[in-house]
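Below is one structure; the comments refer to it alone.
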Amino acid sequence: MTDTVRLNTLKPGDKCLIIEIKATGITGQRLMDLGLIPGVVIEVVRNAPLVDPVQLLVRDNHISIRHSEAREIGVILL
Amino acid sequence: MTEIVVAVAGQPNSGKSTLFNMLTGMRQFVANYPGVTVEKRVGRMNYKGYKFMLVDLPGTYSMTSYSLEERIARNFLLKERPDIVLDVVDASNLERNLVLTFQLLEMKIPMVVVLNMMDAAESARIKIDVNGLSEELGVKVVPTMAKRGVGKAELCDALLDTYQLAGDINDFRLDYGPQLNRSLNVLQEALADDERASAYDLRWLAVRLIAGDEEVSKLFTGSLA
Ligand SMILES: Nc1nc2c(ncn2[C@@H]2O[C@H](COP(=O)(O)OP(=O)(O)O)[C@@H](O)[C@H]2O)c(=O)[nH]1
Ligand SMILES: [Mg+2]
């Protein structure tokens, strides 16, 4: 059984499967609007500690989110 | 003769304005939505003896009530009840765009989906089963390339057909899974006898309430602001 980790802990080049969006309200909605939905596979493009934003590849789209938002996304490393 | 009112919705950069220009040409004017400074672009077109009035809604990623643009777009659809909502979709970004499409379908207004940017989808080697999509969604789906003016007549015919069949609202139903479906059904039944719900589609209300939508919740706490 693979463990769910928080998206902000992954490194550039890591691919992962989104398991859950913990954020609710407007933040949760914004993340889902960007295509970050449970079941979707994404790749981390850029993630440096303390440096916003975290850059992700969702399908063919590059998107940027904050570390504080990435922490609210539970994923499984592939 | 009455004008057929078409609200043009879509996510930012789906080509909504380009498509709006393709349909209405120079016959446009700009107003504001009541009480706010958000621009309301209105245009007219004639087709096969019918008059259409098109309203360009603010581009939004979804139809919740979190941003002013989303509230404006949604209130226009709920309060003005246009004859048709035209959902402009970026065909090269179908999956992300469908989120808004589903939310619009749940509002149960006669609808036409435009698959715009078909050229970009083709360059990205994306193949779309247009008829299959139309069957799944229960509405007409028309491929276009608004930038090159391609698809105009087909789109106008789809609008006209949809207007004439306005009695058959799409019976599309998003499957939220057994647990949520059950809660939605319970809530929907409770709302059936509630006068405050009478102006809305009950399933739409139930979905929005479960999603914690503040504007919709206000309907049931009395304080409409
Ligand atoms: N490749 C391609 N580009 C398009 C098409 N329609 C619009 N565009 C371009 O997409 C960009 C965004 O269009 P716009 O109409 O401003 O989008 P809006 O934000 O939805 O109003 C512009 O650069 C348009 O020229 C199309 O069918 N194909
Ligand atoms: Mg525009």
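The values are calculated or read from the model by the stated rules, or taken from the named source; none is laboratory data. Fair warning: this is a prediction, and the values are worked out from it, not measured in the lab. Virtual Cβ from ideal backbone geometry, glycine too; neighbours counted across all protein chains shown.
Specify the residue that is farthest from the other protein chains (Cβ to nearest Cβ); the eligible residues are those in region B:1-13 that are crowded, with 24+ Cβ neighbours inside 10 Å and either of a type outside the set (A, V, I, L, M) or near ligand 2 (Cβ under 10 Å from one of its atoms) (or both). Selected residue: B:Val8. Screening B:Ala124, B:Ala146, B:Ala192, B:Ala158 for residues that are in contact with a helix residue (DSSP H, G or I) (Cβ under 8 Å, 6 or more places away or on another chain) and buried (at least 16 other Cβ atoms within 10 Å of the Cβ) leaves exactly one candidate, B:Ala146. Of the residues contained in region B:126-144, one or more are found to be touching a residue at least 40 places away in the same chain (Cβ under 8 Å) and polar (S, T, N, Q). Restricting attention to region A:19-34, does a residue exist that is surrounded by fewer than 16 Cβ atoms within 10 Å (Cβ to Cβ), without any contact (Cβ under 8 Å) to a residue 40 or more places away in the chain and either away from chain B (no Cβ under 14 Å) or touching a strand residue (DSSP E or B) at 6+ places or on another chain (Cβ under 7 Å) (or both)? Looking for residues that are surrounded by fewer than 16 Cβ atoms within 10 Å (Cβ to Cβ), without any contact (Cβ under 8 Å) to a residue 40 or more places away in the chain and either away from chain B (no Cβ under 14 Å) or touching a strand residue (DSSP E or B) at 6+ places or on another chain (Cβ under 7 Å) (or both), one finds none in region A:19-34, hence no. Tallying residues that are facing another protein chain (nearest Cβ under 10 Å) and modelled with pLDDT of 90 or more within region A:37-59 yields 3. Specify which of the listed residues (B:Glu95, B:Glu69) is within 14 Å of another protein chain (Cβ to nearest Cβ), of a type in the set (D, E, K, R), free of Cβ contacts under 8 Å to residues at least 40 places away in the same chain and over 15 Å from B:Val113 (Cα atoms). Of the residues listed, the single one that is within 14 Å of another protein chain (Cβ to nearest Cβ), of a type in the set (D, E, K, R), free of Cβ contacts under 8 Å to residues at least 40 places away in the same chain and over 15 Å from B:Val113 (Cα atoms) is B:Glu69.
Taking the criterion of being assigned to a loop (DSSP other than H, G, I, E, B), under 18 Å from the mean Cα position of the chain (by Cα) and either over 19 Å from B:Arg96 (Cβ atoms) or modelled with pLDDT under 95 (or both), the residues of region B:140-168 that qualify are B:Leu165, B:Ala166, B:Gly167, B:Asp168.
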